Amino acid sequence: MKKFLTSFLAAALGIIAYAQTGPDVLIPKPVSAVLLSGEVGVDIPVKNVRASGKFKKAVRDLPEYARREAYKLTVSGGKATVEALSEEGYFRGRKTLEYMQLMAADGRLHSCEVFDYPRFSHRGLMFDISRHFRSKQFILKQLDLMSLIKMNSLHIHLTDDAGWRIQIDKYPRLTGYAAWRPQELWKDWDQGGHNYAEEGSAPAFGGYLTKDDIRDILAYAAERHINVIPEIELPGHSLEVLKAYPQLACLDSTGTQSVFTSDLCPGSDEALQMYKDILDEVLELFPSQFIHIGGDEAGKWSWRHCPRCQARMKEHGLKDVEELQSWFIKQFDDYLTSKGRRLLGWNEIMQGGLAPGATVMSWQGTVQGIEAAAAGHDVIMSPGNWCYLDRNQDNPLVEGELVGGYLPLARVYDYNPADGFDDTKHLLGLQGNLWTEHVPTEENFEYKTYPRAFALAEVGWTPQELRYFDEFRPRAVALADYIRTKGYNAFDLHTEMGERPEMSKALDHLARGCKVTYNLPYSNHYPAEGDETLTNGLQGGWSYVDGRWQGFLNDLDVTVDLGQKRHLGFVGAHFLANLGVWIGFPVKMQILGSDDGINFVEITQVLCQVKASDSGAMYLLLGDVVNADARYVRFKANRSGRLHEDWLFVDEIIIK
């Protein structure tokens, strides 16, 4: 019945009823879909037909990548035809038909005509299999679903501090030692000293993809017209390599002791050669034009004292460690270019100067990608506020450990990668990233990925002017319901709670609208609504990045002017804690009062009795019932005793 369907997702399952049977069920939404009169059964023959002159004219002015994937699907008269210019186009058209067949409510399809092509050339997902290893079979399973929603790029984060996940014959310690650890969970490993284990020892958790595994993944992906991009991280996030090959670490200022950070030593000739050797084996396996070299979050502090690094800087006239990093990355840009490949890296590769042939993957925000494109470099947009799938998609008190904020389906869908670009000729597309520090199981992995990957697929494929979330959400609900019956652990949109209820409730209290004087500053990175934030009556949501929580990388010390002397019955402030991103509650808060704004006396002191536990984000009103009179009320929240990097986040001061 389905001899033309290639994925096990379709072939193994038959037809399940979920929604209507026309193109209006599709994700991503097609460029054009017209219902014709009549209907047909789902078990119909399908035929590839040569592109007509009319079709060629319709796609003539499209970019080359869009022409390659463009197709016209006609379902009518008891048969289906797919018209395209390439095998990739035929495949996309057949997947459209397959999708409608899988979602057929009664075994019948609307007759229809679909004309379609992608908005962007790169529509991808990144899977981190370093922090928690995922097997070949699991990756193949995800490729099936990616192909159904017309995603065409899988970026695999193969190496990081937590484990090396790809076989390299020339350096067997990378998989014989650096791929294994005594703790199963990343969190336990991170808190337990960052130790590694010999393969076969007990306990030893982890694993790696063999070269045969990689070949199988690549063949499977190629059948589905999905490009697989390997990431070999450098110079940061490389502790596992340094522990396996300690000679690649920096030296102390005396030149006698190795310094084990997460950074390779860019002054080491051996490090340069080893990674070129590694890339040679990677290039033999992967046909991808892009090879991702990471380049993010290098601490660089050991470079400032390492005699080899200092000698390298002197030799090449490099003024600082940022330029040293740029020089180091340029060596691999040159090397990959010499092999006919292209270097891709996270936006930190821009620090110290961007290598000439590099393509930037912008994750820290949108500005970096816009700047890189303006300088003539290709970019892939992957900003965390829209594209980081490790963030919670619903109430974090229910979902558990919150890493980087709240990212519901609606916010992912509302992202427009082209925003801010004067010219999009260097904008290749977008990518969703799933980092797995707190994603230890396959079930967690799929729960985080779907249905938000559906939104990314539509953002990347469908023209901006055709996208509407209210129309998309029912289709996402239907597809998520369907794939759960097929063994994918997708988040259940039927149970979605949405934004924190407090966010929609304005607070009325004595301090609302009153002037706030900041005796210590808030962070420019998290200003919220500036000086009005703490008394505007608005509470924050689940995430510290929602524009309502104000961040402090020092103690909180503010004074509220009530305008006149008032009687105080309660004083307090709302705080957020999220240990996954180093946000903690204060240890204590002191409240003082004054009539003149100069001479203050203590009204009360409140100790924080709630620990910011590992259960995820928490929300606390820290305050006290008082009996005092004052015009000026000063709040001093103390971080003493917390980790030095802990942030304080506050959304509202309450005075009643």
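The values are calculated or read from the model by the stated rules, or taken from the named source; none is laboratory data. What you see is a predicted model, and the numbers here were worked out from it, not measured in a lab. Cβ coordinates were reconstructed from backbone atoms using ideal geometry, including for glycine residues, and neighbour counts include every protein chain displayed. These accessible areas exclude ligands, DNA and RNA; they are computed on the full protein's heavy atoms, side chains included. Shrake-Rupley method; radii C 1.70, N 1.55, O 1.52, S 1.80 Å.
Points worth noting:
- When residues in the stretch 523-545 are screened for being more than 23 Å from PRO396 (Cβ to Cβ) and among the hydroxyl-bearing types (Ser, Thr, Tyr), 1 of them pass.
- Which listed residue is charged (D, E, K, R) and in contact with a Lys or Arg (Cβ under 7 Å, 6 or more places away or on another chain), from ASP508, ASP557, ASP546: ASP557
- The residue that is surrounded by the fewest Cβ atoms within 10 Å (Cβ to Cβ), among those in the stretch 383-407 that are of a type in the set (Asp, Glu) and in contact with a helix residue (DSSP H, G or I) (Cβ under 7 Å, 6 or more places away or on another chain), is GLU401.
- Output for the stretch 374-403, where each listed residue is under 20 Å from GLU446 (Cα atoms) and assigned to a helix (DSSP H, G or I): GLY384, ASN385, TRP386, CYS387, PRO396, LEU397, VAL398, GLU399
- As a summary of the residue check, VAL259 satisfies the conditions (1) buried (at least 18 other Cβ atoms within 10 Å of the Cβ); (2) hydrophobic (A, V, I, L, M, F, W, C); (3) in contact with a helix residue (DSSP H, G or I) (Cβ under 8 Å, 6 or more places away or on another chain) except for the one numbered (1).
- Once the stretch 205-219 is narrowed to residues that are assigned to a helix (DSSP H, G or I) and within 18 Å of MET126 (Cβ to Cβ), the residue that is most open to solvent (accessible area, probe 1.4 Å) is LEU218.
- Top-ranked residue in the stretch 299-335 [being open to solvent by 50 Å² or more (accessible area, probe 1.4 Å) and among the basic types (Lys, Arg); ranked as nearest to ILE278 (Cα to Cα)]: LYS330
Yes or no, residue by residue, for (1) more than 20 Å from PHE127 (Cβ to Cβ); (2) of a type in the set (S, T, N, Q):
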residue: GLY420; (1), (2): yes, no
residue: LYS425; (1), (2): yes, no
residue: LEU430; (1), (2): no, no
residue: PHE454; (1), (2): no, no
residue: THR462; (1), (2): yes, yes
residue: GLU465; (1), (2): yes, no
residue: ASP470; (1), (2): yes, no
residue: ARG473; (1), (2): yes, no
residue: ASP481; (1), (2): yes, no
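- Residues located in the stretch 547-588, provided they are aliphatic (A, V, I, L, M) and at pLDDT 95 or above: LEU556, VAL558, VAL560, LEU562, LEU568, VAL571, ALA573
- Of the residues making up the stretch 103-133, those that are under 25 Å from SER362 (Cβ atoms) and open to solvent by less than 30 Å² (accessible area, probe 1.4 Å) are PRO118, PHE120, HIS122, ARG123, GLY124, LEU125, MET126, PHE127, ASP128, ILE129, SER130, ARG131.
Each row is one residue, and each column tells you yes or no for (1) in contact with a Phe, Trp or Tyr (Cβ under 9 Å, 6 or more places away or on another chain); (2) modelled with pLDDT of 95 or more; (3) farther than 17 Å from ILE214 by Cβ.
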{"site": "TYR99", "(1), (2), (3)": "no, yes, yes"}
{"site": "MET103", "(1), (2), (3)": "yes, no, yes"}
{"site": "PHE115", "(1), (2), (3)": "yes, yes, yes"}
{"site": "ARG119", "(1), (2), (3)": "yes, yes, yes"}
{"site": "SER130", "(1), (2), (3)": "yes, yes, no"}
{"site": "PHE138", "(1), (2), (3)": "yes, yes, no"}
{"site": "HIS157", "(1), (2), (3)": "yes, yes, no"}
{"site": "TYR177", "(1), (2), (3)": "yes, yes, yes"}
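- GLU499 being acidic (Asp, Glu) and either under 18 Å from LEU397 (Cβ atoms) or in contact (Cβ under 8 Å) with a residue 40 or more places away in the chain (or both): yes
- Qualifying positions in the stretch 74-84 - touching a Phe, Trp or Tyr at 6+ places or on another chain (Cβ under 8 Å) and either among the hydrophobic types (A, V, I, L, M, F, W, C) or more than 16 Å from PRO30 (Cα to Cα) (or both): VAL82, ALA84
- Residue list for the stretch 577-599, filter: open to solvent by 50 Å² or more (accessible area, probe 1.4 Å) and in a loop (DSSP other than H, G, I, E, B): TRP582, VAL587, ASP595, ASP596, ILE598, ASN599
- Scanning the stretch 135-191 for residues that are part of a helix (DSSP H, G or I), touching a helix residue (DSSP H, G or I) at 6+ places or on another chain (Cβ under 7 Å), within 30 Å of LEU102 (Cα to Cα) and open to solvent by less than 40 Å² (accessible area, probe 1.4 Å) returns PHE138, ILE139, LEU140, LEU143, ASP144, LEU145, SER147, LEU148.
- Strands (runs of 3 or more DSSP E) (entirely within the stretch 72-132) containing at least 1 residues that are in contact (Cβ under 8 Å) with a residue 60 or more places away in the chain: 108-116, 122-128
- Residue under evaluation ASN554, criteria (1) open to solvent by less than 20 Å² (accessible area, probe 1.4 Å); (2) closer than 22 Å to LEU592 by Cα, criterion not met: (1)
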